[in-house]
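The values are calculated or read from the model by the stated rules, or taken from the named source; none is laboratory data. The structure presented is a predicted model; accordingly, all values stated were derived computationally and were not measured. Heads up, the Cβs are rebuilt from the backbone with ideal geometry, glycines too, and the neighbour counts pull from every protein chain shown. Just so you know, the surface numbers come from the protein's heavy atoms only, side chains and all, with ligands and any DNA or RNA stripped out. Shrake-Rupley method; radii C 1.70, N 1.55, O 1.52, S 1.80 Å.
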Amino acid sequence: MRKLILNSIARAGIDTSSIEPIYKDWRRGEIVHSAASIEKAKSILGYEPKIDLQAGIESILKHQYGLSIS
């Protein structure tokens, strides 16, 4: 997921050179690694996402963080 987010930021041409990441210890009970699938929801419930992951990430960057997406 982290790689997908970083690729979205890079593809959007957002300059992140002035942003210093903040790393903190894992919190108790936090899920460190996860690989989810929506295949069961698709097959049983007929679920289909309204937007793809790439578009969702770009929307969050634009609307929540005010970053300009080209």
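Peptides 20-29, 44-53, ordered by how many other C-beta atoms sit within 10 Å of their residues on average, highest first, read 44-53, 20-29.
For the chain, the solvent-accessible area works out to 95 Å² per residue, with a probe of 1.4 Å and every protein chain left in place. What a 1.4 Å probe finds exposed on the chain is 55% carbon and sulfur by accessible area, rounded to a whole percent. A Förster radius of 25 Å combined with the Cβ-Cβ distance from Asp52 to Ala10 puts the calculated FRET efficiency at roughly 0.90.
Averaging over all projection directions, the Cα-based convex hull of the stretch 31-70 occupies 4.3 nm² in the image plane.
Cα-based values for the chain, radius of gyration first and Dmax second, are 15.5, 46 Å.
Each of Ser8, Leu53, Gly29 was placed along the dipole of the chain (beta-carbon charges, centred on the mean Cα), and the one lying farthest toward the positive end is Gly29.
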